[in-house]
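Heads up: the structure comes next, in structure tokens.
The values are calculated or read from the model by the stated rules, or taken from the named source; none is laboratory data. For clarity, every value in this text was computed on a predicted model and none was experimentally measured. Backbone-built Cβ (ideal geometry, glycine too); neighbour counts: all protein chains shown. Surface areas here come from the heavy atoms of the whole protein model, side chains and all, with no ligands, DNA or RNA. Shrake-Rupley method; radii C 1.70, N 1.55, O 1.52, S 1.80 Å.
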Amino acid sequence: MTLYRGIASIDRMREEIQGVRYREATETFCRLVTDEKKPLKGIIKEAIAAAAPFVQVPSHLMRLPTGEMRGVNYDHTILGWRGAVSLLEEIGGTRGILPSVQAMWYVPQGLNIWEQIICEFPGHYARDAEKCNAKVPDPHHEGDRFDGPAWTPPKIYFEDQDPIETGSVEERLERMSWAISEGERDEAYRLFLGLAKDPANRERLKDAILFSGIIDLQDTLINRGGYQNIGHKAIRARALVHLADYLGWENAHEVIYTVVPDLGCAPRLHGLWTEISNVLRMEVPKSATLPKRSDKPLTEAELDRLTEAIVWGGPFDVNSALLDLYKRGAGIQDAMDAVFVCFQRYLIDVLEHPSLFSHPTHALDYANVVQHWIRNFDNPHQAKGPFMAARFMNDTIRSNAIYPRDAKFTLEPRKAYKAWADGIAVDRMLPVIEEHVLAQDAPRACALVDSYLERTSERRQLLDVITYAGCHWQNDPHVMRNCSSSLEEYRSNRTPRRDDIIRGYAKHQSRYIKRAPTHDCYNVFVAHFQPTAH
Amino acid sequence: MPMTKSNLGDVWRVRNAAAQTLALAEEQVKRVIQAATVDDLVRMIEAYAPALSTGPEFTRTFDPLVERLWVWRDDETLAALAAVFRERGMPWASVVNALLPENGAAIRAALRQPAWARLPAFAVA
């Protein structure tokens, strides 16, 4: 491992981030904590601030010279931080810092996405997805120049702005929501800044920004290419709420700058929201008054029907199953708990190809945002949340199923290893589970988890082991985000099948495609923090 | 529907009729697949392209089709089909992989035909 010398400072970390020197930036980040004894929270704030001006794009659609469109990805740096901060509390101790180190490792690689796509700036999109080094080779450069450092400063597409503070709170909230929907990014951002200043507005502001994110979702991914956002508007809104609460809203300017302008970025997709609004208006006209929880929990038969609809059915099957739940008196959170747990059967039983986890697990994260919104806020539209989440899940499943299954990626059935797993003493299983998650051996990892769940009621350490193992892989903030969604939903789910969330989680973390086969970032973490064994 | 002795019998008879219908359909498909040329089979498989598929429900029948091809056609035909789709590049990789001899061997080894069954235990999707 290369040793980086000189004093670790925030200025140095900022330069390294903006210069796409991700290894150095991560070293500096670690040294700020371990050598300089700076509080982690403050360093995270500075890392977010260093990236904030450079994460916006002019549009999430790029018009090609042919006249066709391609998608432009969403900033993921802030999603890594949201997952990392959440996992700080979930994992605990020194080990809990690993996700933050992973988030830092990713940040310099995730700037200037627009330029990365056209091979004018280094980072993980240019290096991995676009393979720019092959497209625009430089004979004077050894290795992959799109791995960094940058040869040009990153570009700013959205300048910071002043807050708007005129008008009543109600008027400004209304105007802000409309500005996001209409794509008036300047106005939306300025209104948000003004509203965020007063602590008295913040709960309503959080509700409004989550709502704006949740309602912007594509109808379908099938054959749509880039005309989608796969839940990113909602997931970003949740990141804003979580990180602003963590840092303190008075320290959250750069988080707001990172997230809010993008919520109004093109494309803005409200077709599914419109459909669900119409369906509920027709079938459940008093949906605004539905209870969050009822005394009529879902039966096994209802869970089976909803599973069938989400995993194997079509959009109208999903609508029908959920409408029946409301009509017989289920609460909104009851329905949403059921949606989350029924979807797990897809992860557990159906998914095989490592690349095909991506869209469905975005739907899982989106569902977590919806459930967080329902749990923590009161909004007359919340009855629509389970429909949005379930339809998104169903669509990602159908979108995967529009391609013939690839026999080369067939998984051995987990039950083939049941007897083997049952032969291991329960008190010795956790290290074996960690070993098989790290080996990406899904059949054995899942058989071990099945056996563990059957033989003990202990869950906390099991979740900790899966999460920590999952966070070993670098370059991918989805991992931290997916982990925090699964852990949070497991904790709050009230269905009798909540252990399926752990089964799905284990499969996901032991099979999902990895962006890098090496653990360089983990090794940097170990060198600086010397985490103790679990 | 509350389960009674009589409607248990009714649903079992409906199930048996469906199985009979399916078995007859399988017999006809078998004859047509056995008589098809490589070009006919290529056209049939092309319908599984995402842009041509009538939906996920149809695409999910790809595995049952592959199973039947390996049982009802010879290795040379499957190799010829694989060669056609291999030429078309990456988008057809999953089709090519389904037509590889190792996949055929796995399918043939896994199929079982109990003494009481008219047909092997094919997948139904």
Original post:
Once both labels are modelled 7 Å past Cα along the beta-carbon direction, what's the A:Ile424-A:Arg70 spacing in nm?
Top reply: 4.3
Subject >> Cleavage-rule hits (chymotrypsin sites (Phe, Trp or Tyr not before Pro)) in the stretch B:84-125: DSSP loop, at most 10 neighbouring Cβ within 10 angstrom >> reply: B:Trp116
**OP:** Would you kindly find the accessible area of B:Glu67, with a 1.4 Å probe and non-protein molecules such as ligands, DNA and RNA excluded, rounding to the nearest 10 Å²?
**Re:** 30
**OP:** Enumerate the residues in the stretch A:435-457 having an amide nitrogen under 20 Å from the point lying 7 Å beyond the Cα of A:Lys415 toward its Cβ.
**Re:** A:442-455
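Residue separation times 0.36 nm, minus the C-alpha to C-alpha distance between A:Glu435 and A:Glu15: what's the value? It would help to have the intermediate numbers written out before the result.
Working: separation 420, 0.36 × 420 = 151.20 nm, distance 3.74 nm.
Additional length available on full extension: 147.5 nm.
Ignoring ligands, DNA and RNA, what accessible area per residue does the stretch B:44-93 give at 1.4 Å, in Å²? Write down the numbers at each step before the final one.
Working: 2350 Å² over 50 residues.
Solvent-accessible surface per residue comes out at 47 Å².
Length gain on complete extension for the stretch A:Ser492 to A:Lys296, per 0.36 nm per residue less the alpha carbon to alpha carbon distance? Numbers along the way, then the final one.
Values: separation 196, 0.36 × 196 = 70.56 nm, distance 1.71 nm.
Between A:Ser492 and A:Lys296, full extension yields 68.9 nm more.
Any idea what % of Cα-Cα pairs in the protein assembly as shown are farther than 40 Å? All intermediate terms of the calculation are to be shown ahead of the outcome.
Working: 73970 of 216811 pairs.
The proportion of pairs with Cα distances above 40 Å equals 34 percent.
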**OP:** Rounded to the nearest Å, what's the spacing between the alpha carbon centres of the stretch A:370-435 and the stretch B:90-125? Just the number, please.
**Re:** 27
Subject >> Loop trypsin sites (Lys or Arg not before Pro), the stretch A:321-415 (other Cβ atoms within 10 Å of the site Cβ: 13 or fewer; DSSP) >> reply: A:Arg328
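Assign one of three labels to the stretch A:261-404, namely rounded, prolate or oblate, based on the Cα gyration tensor with a ≥ b ≥ c the square roots of its eigenvalues; rounded applies when a/c is under 1.5, prolate when it is not and a/b is larger than b/c, and oblate otherwise. Don't jump to the answer; show the numbers that get you there.
Values: a/c = 1.68, a/b = 1.21, b/c = 1.39.
It comes out oblate by the Cα gyration axes.
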Original post:
What spacing in nm lies between the two simple spin-label points modelled at A:Asn278 and B:Thr54, each 7 Å away from Cα in the Cβ direction?
Top reply: 2.5
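Using a Förster distance of 25 Å, how high is the FRET efficiency between A:Thr34 and A:Arg202, based on the Cβ-Cβ distance and rounded to 0.05? Before the final figure, lay out the partial values.
On the way: r = 34 Å, r/R0 = 1.35.
Efficiency computed from Cβ-Cβ geometry: 0.15.
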Subject >> Long-range HN-HN contacts of A:Leu61 with modeled amide H, under 5 Å >> reply: A:Val72
Subject >> Under 19 Å from A:Lys37, Cα to Cα: aspartates and glutamates that are on another chain or at least 8 residues apart >> reply: A:Asp11, A:Glu24, A:Glu27, A:Glu46
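Pulled fully out, how much extra length does the chain show between A:Thr456 and A:Arg5, if you take 0.36 nm times their separation in residues and subtract their Cα-Cα distance?
Going from the current span to full extension adds 157.5 nm.
Over 18 Å between Cα atoms: which of A:Lys45/A:Lys233; A:Lys41/A:Lys197; A:Lys296/A:Lys327; A:Lys286/A:Lys327; A:Lys327/A:Lys384 fall into that group?
On the way: A:Lys45/A:Lys233 21 Å; A:Lys41/A:Lys197 21 Å; A:Lys296/A:Lys327 12 Å; A:Lys286/A:Lys327 11 Å; A:Lys327/A:Lys384 14 Å.
Result: A:Lys45/A:Lys233; A:Lys41/A:Lys197 exceed 18 Å.
So, with +1 on the Cβ of K and R and -1 on the Cβ of D and E, and no other charges, what is the size of the charge dipole of the stretch B:36-110 about its Cα centre, to the nearest 20 debye? Kindly include the intermediate steps, with their values, before the conclusion.
On the way: 7 positive and 11 negative charges, 29 e Å.
I would put it at about 140 debye.
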Subject >> Residue-by-residue Karplus 3J(HN,Hα) for the stretch A:431-436, coefficients 6.51, -1.76, 1.60, Hz, glycine and proline x >> reply: x, 5, 4, 4, 4, 7
**OP:** Express the carbon and sulfur contribution to the solvent-accessible surface of chain A as a percent, rounded to the nearest whole number, probe 1.4 angstrom.
**Re:** 51
Original post:
Once phi is turned into θ = phi - 60°, what whole-Hz ³J(HN,Hα) does the Karplus curve with 6.51, -1.76 and 1.60 give for every residue of the stretch A:283-295, x standing for Gly and Pro?
Top reply: 9, 10, x, 9, 4, 5, 10, 4, x, 6, 10, 10, 8
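From other protein chains only, count the Cβ atoms within 10 Å of every residue's Cβ in A:396-402, then give the mean. Kindly include the intermediate steps, with their values, before the conclusion.
Numbers: counts 0, 1, 5, 2, 2, 8, 10.
Taking all residues of A:396-402 together, the mean is 4.
So which chymotrypsin sites (Phe, Trp or Tyr not before Pro) in the stretch A:376-431 are both in a DSSP loop and have at most 16 other Cβ atoms within 10 Å of their Cβ? Present the calculation step by step, with values, prior to reporting the outcome.
Numbers: sites: A:Phe377, A:Phe387, A:Phe392, A:Phe409, A:Tyr417, A:Trp420; in loops: A:Phe377.
Qualifying residues, ordered by number: A:Phe377.
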Original post:
Of A:Lys418/A:Lys514; A:Lys38/A:Lys292; A:Lys408/B:Lys30, which sit over 31 Å apart, Cα to Cα?
Top reply: A:Lys38/A:Lys292
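Using the Kirkwood radius over Cα pairs, work out the Stokes-Einstein diffusion coefficient for the stretch B:36-110 at 25 °C and 0.890 mPa s, in µm²/s as a whole number. Walk me through the numbers on the way to the answer.
On the way: Rh = 12.5 Å.
Result for D is 196 µm²/s.
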